[in-house]
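These notes concern the structure reproduced below.
The values are calculated or read from the model by the stated rules, or taken from the named source; none is laboratory data. Quantities reported herein were computed from a predicted structural model and do not represent experimental measurements. As a convention, Cβ positions derive from the backbone with ideal geometry for all residues, glycine included, and neighbour counts pool all protein chains shown. The accessibility values were calculated without ligands, DNA or RNA, using every heavy atom of the protein model including side chains. Shrake-Rupley method; radii C 1.70, N 1.55, O 1.52, S 1.80 Å.
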Amino acid sequence: MSVIPLLLLAGAVTALHLAGAGAGFPAKLILERAVPVRGAPLEHLRVRDGARHGRLLLGSSSLPAAGVVDFPVDGSANPAIAGLYFSRVKLGNPAKEFYVQIDTGSDILWVTCSSCAGCPTSSGLNIQLEFFDPDKSSTSTTITCSDDRCSYALQSGQALCSSSDFSSSLCGYSFQYGDGSGTSGYYVSDMMHFDTVLENEQFLNSSATIVFGCSNSQSGDLTKSDRAVDGIFGFGQNDLSVISQLSSAGNFPKVFSHCLKGSDNGGGILVLGEIVEPGIVYTPLVQSQPHYNLNLESLAVNGRELAIDSSLFATSNTQGTIVDSGTTLAYLAEKAYIPFVNAILASLPSSVHSFALRDNVCFVTSDSVDESFPSVTLKFMGGASMLIKPEDYLLQQGSIDNSIIWCIGWQNNKGSGITILGDLVLKDKIFVYDLANQRIGWMNYDCSQSVNVSTASGKNEYLTAGQLDVSGSSDSVFSKLLSSNNLLILIYIFIIASL
(Lines give C-alpha, C1' and ligand atoms only; values in the text may rest on other atoms or scores of the structure.)
Protein backbone atom coordinates (compact mmCIF):
# COMPACT_ATOMS: atom_id res chain seq x y z
CA MET A 1 0.00 0.00 0.00
CA SER A 2 1.45 3.36 -0.99
CA VAL A 3 2.39 5.85 1.69
CA ILE A 4 0.49 9.12 1.71
CA PRO A 5 3.08 11.86 2.41
CA LEU A 6 2.23 14.49 4.99
CA LEU A 7 3.44 17.98 4.13
CA LEU A 8 3.73 20.42 6.99
CA LEU A 9 4.43 24.10 6.64
CA ALA A 10 5.99 26.23 9.31
CA GLY A 11 6.17 29.93 10.06
CA ALA A 12 8.52 32.18 11.92
CA VAL A 13 8.45 32.46 15.66
CA THR A 14 10.53 34.07 18.36
CA ALA A 15 12.97 33.16 21.06
CA LEU A 16 11.34 31.41 23.97
CA HIS A 17 12.50 31.35 27.53
CA LEU A 18 10.59 29.50 30.19
CA ALA A 19 11.15 30.20 33.84
CA GLY A 20 12.55 27.49 36.05
CA ALA A 21 11.13 25.58 38.96
CA GLY A 22 9.44 28.43 40.75
CA ALA A 23 7.44 29.68 37.79
CA GLY A 24 3.92 28.87 36.69
CA PHE A 25 3.35 25.89 34.43
CA PRO A 26 5.27 26.26 31.21
CA ALA A 27 3.58 24.11 28.61
CA LYS A 28 3.70 23.47 24.92
CA LEU A 29 1.32 24.16 22.17
CA ILE A 30 -1.01 21.93 20.25
CA LEU A 31 -4.38 21.46 18.54
CA GLU A 32 -6.83 18.65 19.11
CA ARG A 33 -10.11 17.21 18.19
CA ALA A 34 -12.59 14.61 19.37
CA VAL A 35 -12.33 11.24 17.69
CA PRO A 36 -15.42 9.70 16.15
CA VAL A 37 -15.46 6.20 14.77
CA ARG A 38 -14.45 6.04 11.12
CA GLY A 39 -17.49 6.02 8.87
CA ALA A 40 -19.83 6.73 11.76
CA PRO A 41 -23.37 7.88 10.92
CA LEU A 42 -24.26 11.47 11.71
CA GLU A 43 -26.32 10.57 14.76
CA HIS A 44 -23.28 8.84 16.24
CA LEU A 45 -21.14 11.88 15.53
CA ARG A 46 -23.75 14.06 17.24
CA VAL A 47 -23.57 11.86 20.32
CA ARG A 48 -19.80 12.07 20.33
CA ASP A 49 -19.78 15.82 19.83
CA GLY A 50 -22.43 16.21 22.52
CA ALA A 51 -20.23 14.30 24.90
CA ARG A 52 -17.31 16.37 23.72
CA HIS A 53 -19.15 19.57 24.62
CA GLY A 54 -19.41 18.26 28.15
CA ARG A 55 -15.65 17.89 28.00
CA LEU A 56 -14.99 21.60 27.59
CA LEU A 57 -13.04 22.03 30.80
CA LEU A 58 -13.52 24.81 32.97
CA GLY A 59 11.48 26.17 33.37
CA SER A 60 14.57 26.61 31.33
CA SER A 61 14.83 26.69 27.56
CA SER A 62 17.17 26.43 24.63
CA LEU A 63 15.00 27.86 21.86
CA PRO A 64 16.76 30.03 19.28
CA ALA A 65 15.69 33.50 18.27
CA ALA A 66 13.82 34.12 15.02
CA GLY A 67 13.13 30.44 14.47
CA VAL A 68 9.86 28.77 13.64
CA VAL A 69 8.40 26.26 16.08
CA ASP A 70 6.03 24.18 14.01
CA PHE A 71 4.04 21.17 15.11
CA PRO A 72 3.23 18.28 12.78
CA VAL A 73 -0.48 17.87 12.13
CA ASP A 74 -2.10 14.55 11.33
CA GLY A 75 -5.77 13.75 10.95
CA SER A 76 -8.65 14.68 8.71
CA ALA A 77 -11.95 16.48 9.12
CA ASN A 78 -13.65 13.70 7.15
CA PRO A 79 -15.57 11.58 9.71
CA ALA A 80 -15.41 8.61 7.34
CA ILE A 81 -11.61 8.61 7.61
CA ALA A 82 -10.57 10.04 10.97
CA GLY A 83 -12.75 12.92 12.10
CA LEU A 84 -10.00 14.48 14.20
CA TYR A 85 -6.71 16.36 14.07
CA PHE A 86 -3.80 15.44 16.30
CA SER A 87 -0.13 16.23 16.67
CA ARG A 88 3.03 14.80 18.17
CA VAL A 89 5.11 15.94 21.12
CA LYS A 90 8.49 14.71 22.30
CA LEU A 91 8.93 14.40 26.06
CA GLY A 92 11.65 13.26 28.43
CA ASN A 93 15.34 12.41 28.17
CA PRO A 94 15.90 10.43 26.06
CA ALA A 95 13.04 11.97 24.10
CA LYS A 96 9.99 9.85 23.39
CA GLU A 97 7.24 10.79 20.94
CA PHE A 98 3.55 10.88 21.84
CA TYR A 99 0.42 11.44 19.76
CA VAL A 100 -1.89 13.96 21.39
CA GLN A 101 -5.22 15.39 20.36
CA ILE A 102 -5.29 19.08 19.44
CA ASP A 103 -7.86 20.85 21.59
CA THR A 104 -8.73 24.53 21.81
CA GLY A 105 -11.42 23.74 24.38
CA SER A 106 -9.20 22.54 27.25
CA ASP A 107 -5.99 23.68 28.87
CA ILE A 108 -3.81 20.88 30.22
CA LEU A 109 -1.35 18.60 28.42
CA TRP A 110 -1.45 15.03 29.68
CA VAL A 111 -0.10 11.75 28.32
CA THR A 112 -0.64 8.13 29.31
CA CYS A 113 1.90 6.85 31.80
CA SER A 114 3.34 3.37 32.24
CA SER A 115 1.31 2.76 35.40
CA CYS A 116 -2.00 3.54 33.70
CA ALA A 117 -4.94 1.27 34.47
CA GLY A 118 -7.58 0.65 31.80
CA CYS A 119 -5.64 2.48 29.12
CA PRO A 120 -5.62 1.25 25.49
CA THR A 121 -2.49 -0.37 24.12
CA SER A 122 -3.38 -0.17 20.42
CA SER A 123 -5.15 2.33 18.16
CA GLY A 124 -7.44 2.07 15.15
CA LEU A 125 -5.78 5.23 13.84
CA ASN A 126 -2.77 3.16 12.77
CA ILE A 127 -0.42 4.84 15.22
CA GLN A 128 1.88 3.24 17.76
CA LEU A 129 0.76 4.12 21.28
CA GLU A 130 3.39 4.87 23.89
CA PHE A 131 3.57 5.19 27.67
CA PHE A 132 5.57 7.81 29.52
CA ASP A 133 7.69 6.42 32.35
CA PRO A 134 9.07 9.15 34.64
CA ASP A 135 11.63 6.72 36.10
CA LYS A 136 13.22 6.21 32.68
CA SER A 137 13.75 9.91 31.99
CA SER A 138 16.86 11.44 33.51
CA THR A 139 15.28 14.92 33.57
CA SER A 140 11.90 14.00 35.03
CA THR A 141 10.77 15.09 38.49
CA THR A 142 7.40 14.66 40.14
CA ILE A 143 5.54 17.72 41.41
CA THR A 144 4.52 17.61 45.06
CA CYS A 145 1.72 19.53 46.71
CA SER A 146 4.22 21.84 48.42
CA ASP A 147 5.54 23.00 45.03
CA ASP A 148 4.55 26.53 44.04
CA ARG A 149 3.49 25.24 40.65
CA CYS A 150 1.00 22.90 42.29
CA SER A 151 -0.37 25.77 44.37
CA TYR A 152 -0.93 27.65 41.13
CA ALA A 153 -2.88 24.71 39.70
CA LEU A 154 -4.88 24.29 42.91
CA GLN A 155 -6.09 27.88 42.68
CA SER A 156 -7.52 27.26 39.22
CA GLY A 157 -9.16 23.99 40.24
CA GLN A 158 -6.87 21.85 38.05
CA ALA A 159 -5.02 20.01 40.80
CA LEU A 160 -5.82 17.79 43.78
CA CYS A 161 -3.86 17.31 46.99
CA SER A 162 -4.25 15.13 50.06
CA SER A 163 -5.02 17.17 53.14
CA SER A 164 -3.53 14.53 55.45
CA ASP A 165 -0.04 14.58 53.96
CA PHE A 166 0.02 17.80 52.00
CA SER A 167 3.75 18.49 51.90
CA SER A 168 4.89 15.12 50.52
CA SER A 169 1.90 13.94 48.48
CA LEU A 170 1.95 14.12 44.71
CA CYS A 171 0.19 16.99 42.97
CA GLY A 172 -2.66 15.12 41.33
CA TYR A 173 -5.53 15.84 38.97
CA SER A 174 -8.82 14.23 37.96
CA PHE A 175 -10.82 15.32 34.95
CA GLN A 176 -14.30 13.94 34.36
CA TYR A 177 -15.87 14.55 30.98
CA GLY A 178 -19.50 14.87 29.96
CA ASP A 179 -19.50 11.57 28.06
CA GLY A 180 -18.74 9.66 31.26
CA SER A 181 -15.06 9.20 30.43
CA GLY A 182 -12.31 10.49 32.63
CA THR A 183 -8.63 10.60 33.42
CA SER A 184 -6.65 11.04 36.60
CA GLY A 185 -2.99 11.11 37.48
CA TYR A 186 -0.28 13.42 38.75
CA TYR A 187 1.88 16.23 37.42
CA VAL A 188 5.50 15.83 36.41
CA SER A 189 8.17 18.22 35.18
CA ASP A 190 10.33 17.23 32.23
CA MET A 191 11.79 18.36 28.93
CA MET A 192 9.76 18.95 25.79
CA HIS A 193 11.73 18.89 22.57
CA PHE A 194 10.95 21.05 19.54
CA ASP A 195 11.68 21.00 15.85
CA THR A 196 12.64 24.58 15.03
CA VAL A 197 13.07 25.81 11.45
CA LEU A 198 15.49 28.67 10.87
CA GLU A 199 15.35 31.29 8.13
CA ASN A 200 17.89 29.36 6.06
CA GLU A 201 15.54 26.35 6.15
CA GLN A 202 17.84 24.48 8.50
CA PHE A 203 16.43 22.49 11.40
CA LEU A 204 17.52 23.02 14.96
CA ASN A 205 16.72 20.83 17.94
CA SER A 206 15.61 22.82 20.96
CA SER A 207 13.82 22.15 24.21
CA ALA A 208 12.10 23.62 27.26
CA THR A 209 11.16 22.35 30.69
CA ILE A 210 7.40 21.95 31.09
CA VAL A 211 4.93 20.51 33.57
CA PHE A 212 2.33 18.08 32.23
CA GLY A 213 -0.06 15.43 33.45
CA CYS A 214 0.96 11.79 33.83
CA SER A 215 -2.25 9.78 33.43
CA ASN A 216 -2.43 6.57 35.49
CA SER A 217 -6.16 5.95 35.10
CA GLN A 218 -8.65 6.35 32.27
CA SER A 219 -12.29 5.39 31.86
CA GLY A 220 -15.13 5.51 29.34
CA ASP A 221 -14.41 6.38 25.72
CA LEU A 222 -10.79 7.19 26.50
CA THR A 223 -10.20 3.44 26.89
CA LYS A 224 -11.51 2.49 23.44
CA SER A 225 -8.87 1.43 20.95
CA ASP A 226 -10.62 2.58 17.77
CA ARG A 227 -9.94 6.24 18.57
CA ALA A 228 -7.02 5.95 20.95
CA VAL A 229 -4.17 8.46 21.15
CA ASP A 230 -1.55 9.02 23.82
CA GLY A 231 -3.14 12.05 25.44
CA ILE A 232 -4.65 15.49 25.06
CA PHE A 233 -2.95 18.83 24.59
CA GLY A 234 -5.11 21.86 25.33
CA PHE A 235 -4.91 25.24 23.61
CA GLY A 236 -7.41 27.08 25.78
CA GLN A 237 -6.85 30.60 27.03
CA ASN A 238 -6.80 29.81 30.74
CA ASP A 239 -3.73 31.00 32.66
CA LEU A 240 -2.49 27.39 32.68
CA SER A 241 -2.91 26.88 28.96
CA VAL A 242 0.06 26.30 26.72
CA ILE A 243 0.04 29.65 24.99
CA SER A 244 -0.56 31.58 28.23
CA GLN A 245 2.27 29.84 30.02
CA LEU A 246 4.74 30.30 27.19
CA SER A 247 3.97 33.98 26.85
CA SER A 248 4.20 34.57 30.61
CA ALA A 249 7.99 34.33 30.30
CA GLY A 250 7.86 37.58 28.32
CA ASN A 251 9.77 36.43 25.25
CA PHE A 252 6.99 34.75 23.33
CA PRO A 253 3.97 36.28 21.59
CA LYS A 254 0.60 35.25 22.94
CA VAL A 255 -0.65 34.06 19.57
CA PHE A 256 -0.88 30.76 17.69
CA SER A 257 -2.24 29.84 14.29
CA HIS A 258 -3.48 26.81 12.41
CA CYS A 259 -4.59 25.85 8.92
CA LEU A 260 -6.25 22.41 8.85
CA LYS A 261 -6.41 20.62 5.52
CA GLY A 262 -9.89 19.46 4.60
CA SER A 263 -8.79 16.82 2.10
CA ASP A 264 -9.01 13.15 2.96
CA ASN A 265 -5.23 13.03 3.32
CA GLY A 266 -5.59 15.64 6.04
CA GLY A 267 -2.76 17.24 7.95
CA GLY A 268 -2.16 20.96 8.03
CA ILE A 269 -0.22 23.75 9.69
CA LEU A 270 0.19 24.57 13.38
CA VAL A 271 2.67 27.24 14.45
CA LEU A 272 3.51 29.36 17.44
CA GLY A 273 3.08 32.83 16.05
CA GLU A 274 0.79 34.87 13.83
CA ILE A 275 0.18 33.78 10.27
CA VAL A 276 0.11 36.94 8.19
CA GLU A 277 -1.55 36.60 4.81
CA PRO A 278 -3.43 39.29 2.86
CA GLY A 279 -7.15 38.95 3.43
CA ILE A 280 -7.25 37.82 7.05
CA VAL A 281 -10.12 39.53 8.91
CA TYR A 282 -10.41 39.84 12.68
CA THR A 283 -13.20 40.03 15.20
CA PRO A 284 -12.81 40.59 18.97
CA LEU A 285 -13.08 37.77 21.47
CA VAL A 286 -15.84 38.02 24.03
CA GLN A 287 -14.14 38.94 27.28
CA SER A 288 -14.04 36.84 30.47
CA GLN A 289 -15.10 33.60 28.80
CA PRO A 290 -13.45 30.21 29.35
CA HIS A 291 -13.63 29.37 25.64
CA TYR A 292 -13.08 31.14 22.35
CA ASN A 293 -16.40 32.99 22.18
CA LEU A 294 -17.13 35.34 19.28
CA ASN A 295 -19.87 37.89 18.72
CA LEU A 296 -21.88 36.37 15.87
CA GLU A 297 -24.41 38.94 14.65
CA SER A 298 -26.20 37.34 11.70
CA LEU A 299 -26.35 34.53 9.11
CA ALA A 300 -26.91 34.95 5.39
CA VAL A 301 -27.69 32.32 2.76
CA ASN A 302 -26.96 33.25 -0.85
CA GLY A 303 -26.38 36.80 0.35
CA ARG A 304 -29.81 37.10 1.98
CA GLU A 305 -29.73 37.67 5.72
CA LEU A 306 -31.94 35.33 7.72
CA ALA A 307 -34.71 36.75 9.88
CA ILE A 308 -33.13 35.78 13.19
CA ASP A 309 -33.10 38.09 16.18
CA SER A 310 -29.46 39.03 16.79
CA SER A 311 -30.01 38.73 20.54
CA LEU A 312 -30.14 34.97 19.99
CA PHE A 313 -26.38 35.01 19.46
CA ALA A 314 -25.48 37.23 22.43
CA THR A 315 -23.05 35.53 24.81
CA SER A 316 -24.36 34.41 28.20
CA ASN A 317 -24.25 31.29 30.33
CA THR A 318 -26.75 29.62 28.02
CA GLN A 319 -25.94 30.97 24.57
CA GLY A 320 -23.18 32.31 22.36
CA THR A 321 -20.82 31.21 19.58
CA ILE A 322 -17.71 29.13 20.29
CA VAL A 323 -14.78 28.24 18.03
CA ASP A 324 -13.72 24.73 19.02
CA SER A 325 -11.27 22.57 17.09
CA GLY A 326 -12.27 19.65 19.32
CA THR A 327 -15.75 19.40 17.80
CA THR A 328 -16.10 17.34 14.63
CA LEU A 329 -19.23 18.89 13.12
CA ALA A 330 -20.86 22.28 13.67
CA TYR A 331 -23.90 23.08 15.82
CA LEU A 332 -26.40 25.90 15.45
CA ALA A 333 -28.47 27.27 18.29
CA GLU A 334 -31.88 25.61 18.12
CA LYS A 335 -33.80 28.74 17.13
CA ALA A 336 -31.39 29.42 14.26
CA TYR A 337 -31.28 25.91 12.84
CA ILE A 338 -34.71 25.66 11.18
CA PRO A 339 -34.41 29.07 9.41
CA PHE A 340 -30.96 28.00 8.22
CA VAL A 341 -32.13 24.67 6.78
CA ASN A 342 -35.23 26.24 5.19
CA ALA A 343 -33.06 28.85 3.48
CA ILE A 344 -30.79 26.14 2.08
CA LEU A 345 -33.77 24.17 0.76
CA ALA A 346 -35.33 27.27 -0.81
CA SER A 347 -32.10 27.98 -2.70
CA LEU A 348 -31.73 24.58 -4.39
CA PRO A 349 -32.37 23.98 -8.07
CA SER A 350 -34.83 21.31 -9.17
CA SER A 351 -31.95 18.98 -10.08
CA VAL A 352 -31.21 18.49 -6.38
CA HIS A 353 -33.53 16.04 -4.63
CA SER A 354 -33.85 16.32 -0.86
CA PHE A 355 -34.99 13.70 1.62
CA ALA A 356 -34.99 13.14 5.37
CA LEU A 357 -32.68 10.51 6.82
CA ARG A 358 -33.38 10.10 10.51
CA ASP A 359 -32.83 13.60 11.95
CA ASN A 360 -30.75 14.75 8.99
CA VAL A 361 -31.62 16.59 5.80
CA CYS A 362 -29.89 14.92 2.85
CA PHE A 363 -29.67 15.43 -0.91
CA VAL A 364 -28.97 13.53 -4.11
CA THR A 365 -27.44 15.37 -7.05
CA SER A 366 -25.20 14.69 -10.02
CA ASP A 367 -24.07 18.33 -10.18
CA SER A 368 -21.15 19.84 -8.29
CA VAL A 369 -22.02 21.21 -4.86
CA ASP A 370 -20.54 24.61 -5.69
CA GLU A 371 -23.00 24.94 -8.58
CA SER A 372 -26.02 23.48 -6.79
CA PHE A 373 -25.79 24.68 -3.19
CA PRO A 374 -25.70 28.23 -1.85
CA SER A 375 -22.85 29.81 0.06
CA VAL A 376 -23.40 30.87 3.67
CA THR A 377 -21.99 33.96 5.35
CA LEU A 378 -21.47 34.37 9.08
CA LYS A 379 -21.21 38.02 10.08
CA PHE A 380 -19.35 38.93 13.25
CA MET A 381 -18.75 42.04 15.29
CA GLY A 382 -16.48 44.59 13.66
CA GLY A 383 -17.66 43.78 10.13
CA ALA A 384 -15.72 40.50 9.87
CA SER A 385 -17.45 37.96 7.63
CA MET A 386 -16.74 34.25 7.30
CA LEU A 387 -17.59 32.74 3.93
CA ILE A 388 -18.87 29.19 4.30
CA LYS A 389 -18.65 27.11 1.15
CA PRO A 390 -21.04 24.19 0.61
CA GLU A 391 -18.27 21.73 1.54
CA ASP A 392 -18.11 23.50 4.92
CA TYR A 393 -21.69 22.64 5.85
CA LEU A 394 -22.27 19.43 3.84
CA LEU A 395 -20.91 15.92 4.35
CA GLN A 396 -20.63 13.49 1.47
CA GLN A 397 -22.28 10.23 2.47
CA GLY A 398 -22.01 8.09 -0.64
CA SER A 399 -23.15 7.81 -4.25
CA ILE A 400 -25.73 6.14 -6.47
CA ASP A 401 -24.73 5.68 -10.10
CA ASN A 402 -23.54 9.15 -11.12
CA SER A 403 -25.21 10.99 -8.25
CA ILE A 404 -23.66 11.97 -4.93
CA ILE A 405 -25.42 11.79 -1.57
CA TRP A 406 -24.86 14.81 0.67
CA CYS A 407 -26.22 15.57 4.14
CA ILE A 408 -26.19 18.80 6.09
CA GLY A 409 -23.35 18.44 8.56
CA TRP A 410 -24.45 21.38 10.70
CA GLN A 411 -26.58 19.98 13.47
CA ASN A 412 -29.47 21.29 15.52
CA ASN A 413 -28.17 22.03 19.02
CA LYS A 414 -31.54 21.11 20.49
CA GLY A 415 -32.52 22.79 23.71
CA SER A 416 -29.46 25.04 23.57
CA GLY A 417 -28.64 28.58 22.52
CA ILE A 418 -25.00 27.68 21.92
CA THR A 419 -23.52 27.71 18.40
CA ILE A 420 -20.29 25.74 18.00
CA LEU A 421 -18.03 26.03 14.98
CA GLY A 422 -16.15 22.72 14.77
CA ASP A 423 -13.69 21.29 12.29
CA LEU A 424 -16.27 21.04 9.52
CA VAL A 425 -16.15 24.86 9.44
CA LEU A 426 -12.55 25.44 10.55
CA LYS A 427 -10.94 23.30 7.86
CA ASP A 428 -9.42 24.90 4.76
CA LYS A 429 -9.05 28.21 6.57
CA ILE A 430 -6.27 30.05 8.31
CA PHE A 431 -7.20 30.75 11.92
CA VAL A 432 -5.16 33.11 14.08
CA TYR A 433 -5.74 33.19 17.86
CA ASP A 434 -4.28 36.56 18.83
CA LEU A 435 -4.77 36.38 22.58
CA ALA A 436 -2.53 39.36 23.29
CA ASN A 437 -5.01 41.57 21.45
CA GLN A 438 -8.04 39.43 22.34
CA ARG A 439 -9.13 38.73 18.78
CA ILE A 440 -9.44 35.86 16.31
CA GLY A 441 -8.79 36.15 12.59
CA TRP A 442 -9.45 33.90 9.59
CA MET A 443 -9.52 33.57 5.85
CA ASN A 444 -10.25 30.77 3.37
CA TYR A 445 -6.96 29.19 2.31
CA ASP A 446 -5.42 26.18 0.61
CA CYS A 447 -3.68 24.66 3.62
CA SER A 448 -1.36 22.62 1.42
CA GLN A 449 0.38 25.89 0.51
CA SER A 450 3.06 27.74 2.47
CA VAL A 451 2.24 30.58 4.84
CA ASN A 452 3.96 33.70 6.18
CA VAL A 453 4.37 33.90 9.95
CA SER A 454 5.50 37.05 11.70
CA THR A 455 8.53 36.96 13.94
CA ALA A 456 8.34 38.18 17.51
CA SER A 457 11.27 40.57 17.16
CA GLY A 458 9.01 43.54 16.58
CA LYS A 459 10.89 44.20 13.34
CA ASN A 460 8.07 43.61 10.89
CA GLU A 461 9.92 40.64 9.50
CA TYR A 462 8.27 37.66 7.89
CA LEU A 463 9.48 34.25 6.97
CA THR A 464 7.91 32.23 4.21
CA ALA A 465 7.69 28.58 5.07
CA GLY A 466 8.16 25.91 2.46
CA GLN A 467 6.62 22.49 2.35
CA LEU A 468 8.45 20.35 4.87
CA ASP A 469 8.65 16.60 4.33
CA VAL A 470 8.07 15.06 7.73
CA SER A 471 9.76 11.75 8.31
CA GLY A 472 8.61 9.27 10.88
CA SER A 473 6.04 6.59 11.46
CA SER A 474 3.03 8.86 11.17
CA ASP A 475 3.50 9.53 7.45
CA SER A 476 1.40 6.47 6.72
CA VAL A 477 -1.24 7.19 9.36
CA PHE A 478 -3.96 7.23 6.76
CA SER A 479 -2.71 4.43 4.54
CA LYS A 480 -4.92 1.95 6.38
CA LEU A 481 -7.83 4.28 7.13
CA LEU A 482 -9.39 4.28 3.67
CA SER A 483 -11.51 1.22 4.34
CA SER A 484 -15.00 0.47 3.09
CA ASN A 485 -17.87 2.34 4.71
CA ASN A 486 -20.80 0.18 5.73
CA LEU A 487 -22.85 3.29 6.37
CA LEU A 488 -22.97 4.01 2.65
CA ILE A 489 -24.59 0.66 1.97
CA LEU A 490 -27.35 1.47 4.45
CA ILE A 491 -27.90 4.85 2.82
CA TYR A 492 -28.11 3.26 -0.62
CA ILE A 493 -30.72 0.79 0.58
CA PHE A 494 -32.73 3.58 2.20
CA ILE A 495 -32.70 5.80 -0.89
CA ILE A 496 -33.51 3.00 -3.31
CA ALA A 497 -36.44 1.97 -1.11
CA SER A 498 -37.64 5.56 -1.10
CA LEU A 499 -37.62 6.04 -4.89
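Peptides 388-400, 295-307 ranked from most to least packed give 388-400, 295-307, packing being the mean of other C-beta atoms within 10 angstrom over each peptide's residues. For V276, the amide hydrogen comes within under 5 Å of the amide hydrogens of N452, V453, S454, counting only partners 5 or more places away or on other chains and with H modelled in the peptide plane.
Taken over the C-alpha atoms, the range 188-300 has Rg and Dmax values of 17.7, 49 angstrom. For S123, the residues whose amide H sits under 5 Å from its own are L129, ignoring neighbours fewer than 5 places away on the same chain, with H placed 1.01 Å from N. Accessible area per residue (1.4 Å probe, heavy atoms of protein chains only) ranks H193, H258, H353, H291 as H353, H193, H291, H258, with the largest value leading.
Show K414, K427, K136 ordered by accessible area, largest first, where the area counts protein heavy atoms only and the probe is 1.4 Å. Could you put the intermediate results ahead of the total?
Numbers: K414 130, K427 15, K136 155 Å².
The residues order as K136, K414, K427, largest area first.
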